[in-house]
Structures are given as structure tokens and as C-alpha cells.
Amino acid sequence: MGLVVVSGGTNGMGRAFALGRAERGDRVLVLGRDHARGAALGGASIDFLPVDLSSVRETRQVVERILAEHPVVDALTLFANAVAPRRIVTAEGLERTFALYYLSRYLLGLGLRPALDRAAAPVIVNVAGVGVTRGGVRWADPQLESGYSAVTAQLQAGRANDLLGVGFARRSGSRARYVLYHPGFTRSGDRSPLPFVVRGLLAAASLVARPVAAAVSPIHGFVDAPPDAPLTAVDRGRRLPLSFPTLDPRDADRLADLTERLLTHHDC
């Protein structure tokens, strides 16, 4: 029985995965903001830690709590994300999609490295959009102060997560295997913040979307038997070469440096 940490585990794919790990006999630690949904997970093998993962301060605090209470973490799975139709700035002065979808994953992966490295076969699974080539990091304006749209913000954070996996494998020194996983369009997620018309279009599209169980199944495989390679990228069942355009090591180094400057600038 191992300990699996699930960020964004109160809804959609994250929730299904957390429940699946508990059924398999693992201890599961779910991180999320929704107290009611967290409490509803229940069960003796699932614990819930309330945290706003768009807050750097709260994310760092929850990392410290996990390290204090759990010397060994066998797997870290990263699901947390939310679509914001309008640009939202957090109390720390960060664009919220970038903070939630990318920075929280950066902080959790690096912060929990000591506990991961004590596990027999540690793995991090970053559930994002690897394999998509649209979008990119706005190097001169990562906070999207101009030209914001929900799609632009999602694509930027998605491409940042691609580079996060590359950077972790290259720079962290961790034993943990890193998996970038794109499940494809899935019947999952909270669409309530979206405009009515967009919600309607997504509802229609969901008729051909993958069921949550099918999208989550490969993640169980990554946790049960982590890949041998330090970095693996899988797009809807297809393993990508690490020469894929969005996995450029030079851009990964550039993003790691930008991220540290950003956190320092915002005094996070």
C-alpha cells in the first residue's frame, strides 16, 4: 500500500482516479479547494487537504504539511485546472490559469521531491495536453496582461506543463519518473464558469468524448508500473518522441529560469 497525492482530486478525472486508487488499496491524499466535495469523498483510505492551488503561499504550505506528515510519497498525480473566461489576478498578482494549471504543478513536483525519492518506484503524472502544438509560452508577457482569452491561457499553461516535465527530468536530480499524459477530450470537469453557448457546444461534443474511466485507466498503469525512462510523453495512447517540438530542452531551461524570476518578483 502506497501513498498517492492527487491535486484537483475533488472533481472529474481527478476524483475518479482518487477513488480508483483507494479501491486498489492505496492511501490517497486529495488536494482541492471545494470542502464539500472533499468531504464527500469519505472513506478510511482517502484524506482531504483543503488548499487553493492558485495560491503560491497555500501550495507551499500544503507541501510542507505533506512532508511533515508523510515521509514517503509513492506517486504525485496532477489534475488541477479551471477555465477562466475572463482574466483573473490572484491576491499574489499572478494570472490565475497560469498559477493554478502550471505553477501549482511546478511547486508540488519540486517541493515533494524528498518524499518521492524515498519511495521504491516514485512517479509523477502530469495530466495536461502534451501532443498539442498550438499555443506557447508568452515569454514577454506570461501573465497575459494583453490579449487574454481562456483558450490562450489554457494553451500557454499546457505548453508550460510540457516544458515542466522536460525541466524536471533534466534539472531536479530526482529518482521520480515523470509522465506527461494527454487523455484527449473527456467527459469531465466543471463547465459552470463558461458562457451558456460554450457550455452547450461542449455538451454536444461530449457525446463523442472519452468516458472518464477510459481516460483515467492509463494513469493507473503509470502508477502501478512507472516507465523506465526519466521522462515519458503520451498523447491519447501514442508515445511521443522526446524530440517533439513542445519538448525543447532549451525552452524548458528558459521556462524554469522565468518561473523562478516570476516567483521572486511577486514575492511568492
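FYI, it's all coordinate maths here, none of it is from the lab. Since the model is a prediction, treat every value here as computed from it, not as a measurement. So basically every Cβ, Gly included, is an ideal-geometry build from the backbone, and we count neighbours across all protein chains shown.
Within region 1-105, list the trypsin sites (Lys or Arg not before Pro) lying in a DSSP loop whose Cβ has at most 12 other Cβ atoms in a 10 Å radius.
Loop-located and lightly packed - Arg86.
Just to confirm a number: summing +1 for Lys and Arg and -1 for Asp and Glu over residues other than Gly167 whose beta-carbon lies under 12 angstrom from that of Gly167, what do you get?
-1
In which sequence would Ile46, Ile124 go, from the one with the fewest C-beta neighbours within 10 Å to the one with the most?
Ordered by Cβ neighbours within 10 Å, fewest first: Ile46, Ile124.
Obtain the nm distance between the two label points defined at Trp139 and Thr264 by a simple spin-label model: each point lies 7 Å from its Cα along the Cα-to-C-beta direction.
With each label placed 7 Å out from Cα toward Cβ, I get 1.9 nm.
Over the residues of the chain, compute the C-alpha Rg and express it relative to 2.2 N^0.38 Å.
0.93
Arranged by the count of other C-beta atoms within 10 angstrom, fewest first, what order do Met1, Met13 take?
Arranged by neighbour count, lowest to highest, Met1, Met13 become Met1, Met13.
Roughly what would the spin-label model give for Ala214 and Val151, points 7 Å off Cα along C-beta, in nm?
If labels sit at Ala214 and Val151, their model points lie 2.5 nm apart.
Quick check on packing: order 216-223, 241-248 by the mean number of other C-beta atoms within 10 Å, highest mean leading.
Highest-to-lowest ranking by the protection proxy: 216-223, 241-248.
Which net charge results when you count Lys and Arg as +1 and Asp and Glu as -1 among the other residues whose beta-carbon is under 10 Å from that of Leu231?
Surrounding charge for Leu231 is +2.
Report the Cα centroid-to-centroid distance between region 118-186 and region 9-23 in angstrom, as an integer.
Measuring centre to centre over Cα atoms gives 21 Å.
Could you give the dipole magnitude of the chain about its Cα centre, charging the beta-carbon of Lys and Arg +1 and that of Asp and Glu -1, in debye to the nearest 20?
Dipole size: approximately 560 debye.
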